[in-house]
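Please read the structure below before turning to the comments.
The values are calculated or read from the model by the stated rules, or taken from the named source; none is laboratory data. What you are looking at is a predicted structure, and each value in this text was computed from that prediction instead of being measured. Here the Cβ positions follow ideal geometry from the backbone for every residue, glycine too, while neighbour counts run over all protein chains shown. SASA here: full protein model, heavy atoms, side chains in, ligands and nucleic acids out. Shrake-Rupley method; radii C 1.70, N 1.55, O 1.52, S 1.80 Å.
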Amino acid sequence: MSQPDRYAVVGNPVKHSFSPEIHQSFAEELGESISYEKVEAPLGHFADKAEELMDEGYKGCNVTLPFKLDAYKFAERLTDRARSCGAVNTLVFGRKVTGDNTDGIGFVTDVRQRLGFQFEGSSILVLGAGGGVRGLLPSLLEMNPKWIAVANRTLERAQALAGVFGIDAVSYESTAAEHFDLVINATSTSLSNIAPPVPESVFREAALAYDLVYGAKPTPFMELAKRGGAGQVSDGLGMLIEQAAESYFDWRGVRPDTSRTYPKIRKLIEERAARA
Ligand code: NAP
């Protein structure tokens, strides 16, 4: 019998990743057989690890922190969206190595399909100016919103992004006076169990507040948004699952239905947190 196709997620650290469970769930739903592992690459040695995977016959890999820029450099061909983000989260090992970035489409799919938000004509506030925001902006712009503003603790970084993507950089304080339909937390504040320094009033007219970070409990940003009056709040698990589905499509040409995977992984996160 032939061996199942091999895939991996490469990061450092990577042991917290739910990608193996997500991809195995997709494969089960589709009646396919794959193998998917977590691979930790030493810092500064992403390319060596990727070469090793290719030599061992892997068909592709996901790439997580801190290697998305290394993967961008490693790819021999880039999809348009990877080129616009300047970062790669999916490598397809073929005759040439193709680099894609599925984070933005993952976000948009989750927000549109699971949460029912209409991007067209909306006003969007993005908090943060790191790699996560770069991954989101090209896909957000494609959805024809009325306005995208980005706020960041280090305002110069928001201004640099605004220059690249033709959007507006704003200070955290100035957001109180504006109207936003969607507020996205793409800072890493939730990992430190704090909320970003955004005024509570920014949520008063927001239909949705979305944190890219996910976990067993609502994040401090989600709690702040609820207090501020946001219509709906969500963490980033749906984005994680949808970006994985798009990677699966890149590798295997079939797009998994994510609706049964979402509750499975949510339950797994809760069980893991309860055991910790
Ligand atoms: P990053 O490049 O390290 O950027 C971190 C951002 O957070 C920066 O804008 C930083 O501001 C800001 N920040 C950190 N501490 C802060 C504080 N105390 N107050 C205000 N701002 C603060 O990280 P990233 O790659 O963009 O990722 C951001 C988050 O998104 C991460 O937590 C990551 O896990 C999550 N993420 C989730 C998914 C998903 O699939 N759900 C995908 C991608 C990323 P400065 O510029 O001022 O330092």
Condition check: within 9 Å of the ligand (Cβ to nearest atom) and aromatic (Phe, Trp, Tyr). Does Tyr214 satisfy that?
yes
Filter the range 140-155 for residues that are within 12 Å of the ligand (Cβ to nearest atom) and among the small types (Gly, Ala, Ser) and give the result.
Ala151
Among the residues in the range 234-249, are any out of contact with any Pro (no Cβ under 7 Å at 6 or more places or on another chain), in a helix (DSSP H, G or I) and more than 13 Å from the ligand (Cβ to nearest atom)?
yes
Can you find even one residue in the range 110-130 that is at pLDDT below 95, closer than 21 Å to Glu242 by Cβ and within 14 Å of the ligand (Cβ to nearest atom)?
yes
From the set of residues in the range 198-211 that are part of a helix (DSSP H, G or I) and more than 16 Å from the ligand (Cβ to nearest atom), which is surrounded by the fewest Cβ atoms within 10 Å (Cβ to Cβ)?
Ser201
For the range 79-197, list the strands (runs of 3 or more DSSP E) that sit wholly inside it and hold at least 1 residues that are open to solvent by 10 Å² or more (accessible area, probe 1.4 Å) and touching a residue at least 60 places away in the same chain (Cβ under 8 Å); which are they?
90-93, 97-100
Qualifying residue in the range 51-74 (condition: open to solvent by 80 Å² or more (accessible area, probe 1.4 Å), part of a strand (DSSP E or B) and of a type outside the set (Ser, Thr, Tyr))
no
Please state which one of Arg227, Arg260, Arg255 is more than 16 Å from the ligand (Cβ to nearest atom), in the same structural domain as Ala195 (by TED's automatic domain parsing) and open to solvent by 40 Å² or more (accessible area, probe 1.4 Å).
Arg227
Could you pull out the residue among Lys264, Lys226 that is within 21 Å of Ala176 (Cα to Cα) and either of a type in the set (S, T, N, Q) or part of a helix (DSSP H, G or I) (or both)?
Lys226
Condition test on Val63, is it of a type in the set (Val, Ile, Thr), in contact with a Leu (Cβ under 9 Å, 6 or more places away or on another chain), without any contact (Cβ under 8 Å) to a residue 60 or more places away in the chain and closer than 18 Å to Lys96 by Cα?
yes
Can you find even one residue in the range 139-146 that is closer than 21 Å to Gln232 by Cα and of a type in the set (Lys, Arg)?
yes
Any chance Ala75 is more than 14 Å from the ligand (Cβ to nearest atom) and among the hydrophobic types (A, V, I, L, M, F, W, C)
yes
